[in-house]
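Peer 1: Here it is, the structure, as structure tokens.
The values are calculated or read from the model by the stated rules, or taken from the named source; none is laboratory data. Please read these numbers as outputs of a predicted model, since none were measured by experiment. As a convention, Cβ positions derive from the backbone with ideal geometry for all residues, glycine included, and neighbour counts pool all protein chains shown. Note: areas computed on protein heavy atoms with side chains; ligands, DNA, RNA excluded. Shrake-Rupley method; radii C 1.70, N 1.55, O 1.52, S 1.80 Å.
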Amino acid sequence: MVIIMGKDSSLDWRAGMDPTVPNSARMYDYYLGGSNSFPADIAAARRLIEIQPLIEPASRENRHFLRRVVWHLADDLGIRQFLDIGAGLPTAGNVHEVAPRARVLYVDHDPVVGAHARALMAGEDRVQVLQGDAREPDAILGDPVTTGFLDFEQPIGLLMIGLLHFVPDRDGAHKVVPPFLRALPPGSYLAISHGMTDGFDAGTVDGISQVYEDAMPYQLRTRLQIAAFFDGLEMLEPGLVPITEWRPDGVGEGITAQEVGVLGGVARIP
């Protein structure tokens, strides 16, 4: 299903959803200080905060990482089109706002994301939204909206920010990235941020995973497992690092590299 930006910003993005089931995108929005959460989302988010109190500042650091990545790709490297997989609910600092001269295709499996995007980004001719599942990359790549909106003869910035830890190994996480990389032209870039297990006790990792399982599958990974998603690519400096250490610009939440619990990196497709 394709949801194209329209001009009716009065649409109710909440229509038709079950507010009693927590949703990971709305939980993330809660951590970022947004207002698009229901009681079930807030309750689940607060359970996670009890297990890992730093999850709120870490989520905001993830958003800062996205901003720095998009700025670098657009302003320094000249990328003029982005494919954002697992985009989540629109909130402050969307990709098309950070890179105002670029085209952006937002993709998410949740129809709520598309409805909300249509309500908030009406009239943006540089933006389109596609409902698609990251576990089905060929369907996303072959969709007429994707092929008609993005120019696969020119470099593309592929964003998988906070996505892959929601694709467990049992759902074929290792099969998600390669089809996208094969489809993108040389000179494109892949950006990933991913929650890590390194440095956290097993009880904390299991507790976080259990809360998220009520919303959707979830799997934290080791540094080596996350690095494998970049196999065959040319990593940009400073490599795969805690997101607080990826080209910091002085804007942050005051937590350490170890506390953030999320690794991030950007790599060039040769």
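Peer 1: Going residue by residue through segment 159-166, is there one that turns out to be touching a Phe, Trp or Tyr at 6+ places or on another chain (Cβ under 7 Å), over 23 Å from GLY261 (Cα atoms), open to solvent by less than 10 Å² (accessible area, probe 1.4 Å) and modelled with pLDDT of 95 or more?
Peer 2: No - not one qualifying residue is present in segment 159-166.
Peer 1: Still on this structure, I have one more. In segment 242-260, what residues are in contact with a strand residue (DSSP E or B) (Cβ under 8 Å, 6 or more places away or on another chain) and in contact (Cβ under 8 Å) with a residue 40 or more places away in the chain?
Peer 2: ILE243, TRP246, GLN258, VAL260
Peer 1: Right, next: Between a first residue in segment 59-72 that is touching a residue at least 24 places away in the same chain (Cβ under 8 Å) and a second residue that is among the acidic types (Asp, Glu), which pairs have beta carbons less than 7 Å apart while being 6 or more apart in sequence or on different chains?
Peer 2: These pairs meet every condition: ARG60/GLU253; GLU61/GLU253; ARG68/ASP249.
Peer 1: Quick one: in segment 167-192, which of the residues that are of a type outside the set (D, E, K, R) and closer than 17 Å to MET216 by Cβ is surrounded by the fewest Cβ atoms within 10 Å (Cβ to Cβ)? Give the derivation first.
Peer 2: Quick first cut of segment 167-192, residues of a type outside the set (D, E, K, R) only: 167-168, 172-174, 176-181, 183-192.
Keeping just the survivors that are closer than 17 Å to MET216 by Cβ gives 167-168, 172-173, 176.
Values: VAL167: 23, PRO168: 17, GLY172: 11, ALA173: 22, VAL176: 21.
Ranking the candidates gives GLY172 first.
Peer 1: Only one of these is modelled with pLDDT of 75 or more and open to solvent by 20 Å² or more (accessible area, probe 1.4 Å): GLU61, GLU56. Name it. Spell out the reasoning first.
Peer 2: Values: GLU61 fails: open to solvent by 20 Å² or more (accessible area, probe 1.4 Å).
None of the others qualify; the one that does is GLU56.
Peer 1: Being within 19 Å of ARG182 (Cβ to Cβ), in a loop (DSSP other than H, G, I, E, B) and at pLDDT 95 or above: is that true of ASP138 here? Please lay out each step first, then the result.
Peer 2: Working: within 19 Å of ARG182 (Cβ to Cβ): yes; in a loop (DSSP other than H, G, I, E, B): no; at pLDDT 95 or above: yes.
No.
Here's the yes/no breakdown for (1) in a loop (DSSP other than H, G, I, E, B); (2) open to solvent by less than 10 Å² (accessible area, probe 1.4 Å); (3) modelled with pLDDT under 90:
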{"site": "LYS7", "(1), (2), (3)": "yes, no, yes"}
{"site": "ALA25", "(1), (2), (3)": "no, no, yes"}
{"site": "ALA43", "(1), (2), (3)": "no, no, yes"}
{"site": "TRP71", "(1), (2), (3)": "no, no, no"}
{"site": "GLU97", "(1), (2), (3)": "no, no, no"}
